[in-house]
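J.: I'd like to ask you about the structure that follows.
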Amino acid sequence: MNSPAEISQFIKTQAKELGFEACGISKARFLKKESEEFKEKLQKGFHGDLTYLENNLEKRFDPRLLHEGTRSVISVLQNYYPEKLLPEEDNFKIAKYAYGKDYHIVLKNKLKQLVFAIENKINRSLNARVFVDSAPVLDRAWAVKAGLGFIGKNSILIRKNTGSFFFIGEILCDLPLEYDRAFETEHCGSCTRCLDACPTGAIVAPYKLDARKCISYLTIEHKGKLPEDLKDKFNDWIFGCDICQDVCPHNRFAKPHHEETFLPNEKLFSMNKEKWKNLTEEEFKKLFKQSAVKRTKFEGLRRNIDFLLR
């Protein structure tokens, strides 16, 4: 019979073989400190139109309530930093994470493969659920608890000697495992590059992000008209924004991913402002088939483009 330590090592080895950047494991429990910080952000309205964040709060802070029988949280990181950046001259910009296939699909498939591998190892079915940024799970908090990194002043998870260009996924399961030590130090020091570089002032203070001013939130999640007073500060972003990550010193260590499904549609390299201006819905569907950009739909992307062209 395999010990918790042996199974834990097996899980991490399998995760690496599936192409994950890193894997860490933490004990499922109530996140008291994080729950207080999260509620404070809600009270200040920093979540903007994301009213769903107000729901299922107790489940959000305790995975044992989200998935009955959960004893362990397995966290993984998937690198998405591209080898080749899309042209920016005479062009609009989309966030690097949206270059290729929708990460929700890619990571969920990999996590399901990892669950299957664990089941073969322990010779029984696993009481488990996989999550990728689509349920009340505090992804970054659990990644920190699993020793995978620290939260930067831009509120993004940063991994030492790697940077922050990666996705986070989890498996909640009923296995007792060997738990990693939480990452307890922060490595931003006196650096304020992300705060200084944010054109809209969305990072209102270190570790505090006001989504209502965030270009990424406004171009993707926000419904309705975009704020006219921020028009000249969008810096040509029409889907997401990478500014606070691009200026982060830790991302000098970022290396290109090896995930073929994250490679961009070749047609994206030939786009320019004139082509974006004349983009049709049919072209949108072909250009962003199975892409995260589809989240904003054609109407949303059209709104963003028109907003910057006015």
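The values are calculated or read from the model by the stated rules, or taken from the named source; none is laboratory data. This structure is a prediction, so every number in the text was calculated from the model and none was measured. Here the Cβ is made from the backbone with ideal geometry for all residues, glycine too, and neighbour counts use every protein chain on show. In case anyone asks, the SASA skips ligands and DNA or RNA and just uses the protein heavy atoms, side chains included. Shrake-Rupley method; radii C 1.70, N 1.55, O 1.52, S 1.80 Å.
J.: I want to confirm something. Restricting to region 131-143 and keeping residues that are surrounded by fewer than 22 Cβ atoms within 10 Å (Cβ to Cβ) and either of a type in the set (A, V, I, L, M, F, W, C) or closer than 21 Å to Ala117 by Cβ (or both), which single residue is modelled with the lowest pLDDT?
T.: Ranking the qualifying residues of region 131-143, first place goes to Ala135.
J.: Pairs under 6 Å by beta carbon, first residue touching a residue at least 40 places away in the same chain (Cβ under 8 Å) in region 249-268, partner β-branched (Val, Ile, Thr), six or more apart or different chains?
T.: His250/Ile158; Phe253/Thr162; Thr261/Val106
J.: Taking Lys273 as meeting all but one of (1) closer than 26 Å to Trp142 by Cβ; (2) in contact (Cβ under 8 Å) with a residue 40 or more places away in the chain; (3) open to solvent by 50 Å² or more (accessible area, probe 1.4 Å), write down the number of the exception.
T.: Failing condition for Lys273: (1).
J.: In addition: Looking only at region 173-196, which residues are closer than 15 Å to His250 by Cα, open to solvent by 80 Å² or more (accessible area, probe 1.4 Å), assigned to a loop (DSSP other than H, G, I, E, B) and at pLDDT 95 or above?
T.: Within region 173-196, Ser190 is the sole residue that qualifies.
J.: Another question about this same structure. Which of (1) among the basic types (Lys, Arg); (2) exposed (fewer than 14 other Cβ atoms within 10 Å of the Cβ); (3) more than 26 Å from Lys110 (Cα to Cα) does Lys208 not meet, given it meets every other one?
T.: (2)
J.: Also, I was wondering about something else. Of Phe10, Phe38, Phe46, which residue is surrounded by 13 or more Cβ atoms within 10 Å (Cβ to Cβ) and in contact with a Phe, Trp or Tyr (Cβ under 9 Å, 6 or more places away or on another chain)?
T.: After applying the criteria, what remains is Phe38.
J.: Within the group Val106, Val73, which residue is modelled with pLDDT of 95 or more, surrounded by 14 or more Cβ atoms within 10 Å (Cβ to Cβ), more than 16 Å from the chain's Cα centre (by Cα) and not acidic (Asp, Glu)? Talk me through it step by step, then tell me what you get.
T.: Numbers: Val106 fails: more than 16 Å from the chain's Cα centre (by Cα).
So the residue among Val106, Val73 that is modelled with pLDDT of 95 or more, surrounded by 14 or more Cβ atoms within 10 Å (Cβ to Cβ), more than 16 Å from the chain's Cα centre (by Cα) and not acidic (Asp, Glu) is Val73.
Residues checked against (1) part of a loop (DSSP other than H, G, I, E, B); (2) closer than 21 Å to Lys294 by Cα; (3) of a type in the set (A, V, I, L, M):
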{"site": "Leu218", "(1), (2), (3)": "no, yes, yes"}
{"site": "Lys225", "(1), (2), (3)": "yes, yes, no"}
{"site": "Leu230", "(1), (2), (3)": "no, no, yes"}
{"site": "Asn235", "(1), (2), (3)": "yes, no, no"}
{"site": "Gln245", "(1), (2), (3)": "no, no, no"}
{"site": "Pro256", "(1), (2), (3)": "yes, no, no"}
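J.: Regarding Asn251, is this residue under 30 Å from Glu17 (Cβ atoms) and surrounded by 14 or more Cβ atoms within 10 Å (Cβ to Cβ)?
T.: It is true that Asn251 is under 30 Å from Glu17 (Cβ atoms) and surrounded by 14 or more Cβ atoms within 10 Å (Cβ to Cβ).
J.: Could we say that Pro199 is in contact (Cβ under 8 Å) with a residue 24 or more places away in the chain, part of a loop (DSSP other than H, G, I, E, B) and touching a helix residue (DSSP H, G or I) at 6+ places or on another chain (Cβ under 6 Å) here?
T.: Working: in contact (Cβ under 8 Å) with a residue 24 or more places away in the chain: yes; part of a loop (DSSP other than H, G, I, E, B): yes; touching a helix residue (DSSP H, G or I) at 6+ places or on another chain (Cβ under 6 Å): yes.
Judged against the criteria, Pro199 is a match.
J.: Where residues in region 17-33 are of a type in the set (D, E, K, R) and touching a strand residue (DSSP E or B) at 6+ places or on another chain (Cβ under 7 Å), which of them is most open to solvent (accessible area, probe 1.4 Å)?
T.: Residues of region 17-33 that are of a type in the set (D, E, K, R), as a first pass: 17, 21, 27, 29, 32-33.
Filter again for touching a strand residue (DSSP E or B) at 6+ places or on another chain (Cβ under 7 Å), leaving 21, 27.
Working: Glu21: 61, Lys27: 115 Å².
Only one residue tops the list, namely Lys27.
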